[in-house]
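Written out below as structure tokens is the structure these notes cover.
The values are calculated or read from the model by the stated rules, or taken from the named source; none is laboratory data. Since the model is a prediction, treat every value here as computed from it, not as a measurement. Here the Cβ positions follow ideal geometry from the backbone for every residue, glycine too, while neighbour counts run over all protein chains shown. Just the protein is used for accessible areas: all its heavy atoms, side chains included, with ligands, DNA and RNA removed. Shrake-Rupley method; radii C 1.70, N 1.55, O 1.52, S 1.80 Å.
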Amino acid sequence: MLADERLPGFRGLPPKQRAVYATVAAVILVVGALFAYQANFLLDRSTATDRARSDKQAQEAVDREQPAFVSTVTPLDYDRDLPEAFRVLLDRPLTEGEQATLTALNGDASRVWEFMKPLGGRVVEIASYVAPFEDGNENRGGAQTFDLNLNSDRVAGLTINNMVAVKDSCHAPTAQTSSPSPRGVPSPGRACCGT
């Protein structure tokens with residue numbers, strides 16, 4: 001019934017003609033499908049460069065919407081890793097009892113830090129140990145070191161040139177108490193904070 005609707009007179013044909021007719025119809029369908037596939041393939045090939053260029057421009061536009069980089073500053077974990085030469089500064093004088101306890105610690109760096117940290121102490125590295133001058137100057141003040149991480153989620157590579165440390169401010173120290181300097185290094189004369 002469907003054959004009569006789609007192919008009028010198909011049932012009335014002799015069997016050999018029906019076979020030829022069915023074969024021709026199948027060949028036409030296969031050739032049509034191959035032609036459609038090939039036309040689609042050629043269209044894809046001919047427009048691939050333009051589509052890739054357009055996709056790249058769209059990706060770059062989305063990429064530029066993100067910040068170039070995100071920076072995080074992480075102070076060093078002095079509970080885990082004390083610097084080689086440092087002072088512990090406190091913004092108030094020690095009481096007599098605290099002075100006696102500090103003296104009893106005999107300069108043991110980790111124990112001094114454990115004692116001074118809860119009192120509000122802060123670690124300041126002796127700068128001449130961090131980066132000594134070639135001229136032998138041993139009194140360069142203090143330094144506070146930190147880890148600076150710069151991360152970028154952009155697809156394009158990130159290059160940072162000429163990054164230097166800038167002295168943010170120098171001021172009279174607020175510290176009223178300083179732990180003894182290791183190895184006879186003199187106390188810093190000013191407190192400087194750098195970024």
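In the distance distribution for the range 1-108, Cα-Cα pairs more than 20 Å apart total 76 percent. Which FRET efficiency value, to the nearest 0.05, is calculated for residue 55 and residue 91 with the Förster distance at 45 angstrom and r the Cβ-Cβ distance? Efficiency at R0 = 45 Å is approximately 0.20.
A 1.4 Å probe, protein heavy atoms only, puts the accessible area of residue 115 near 50 Å².
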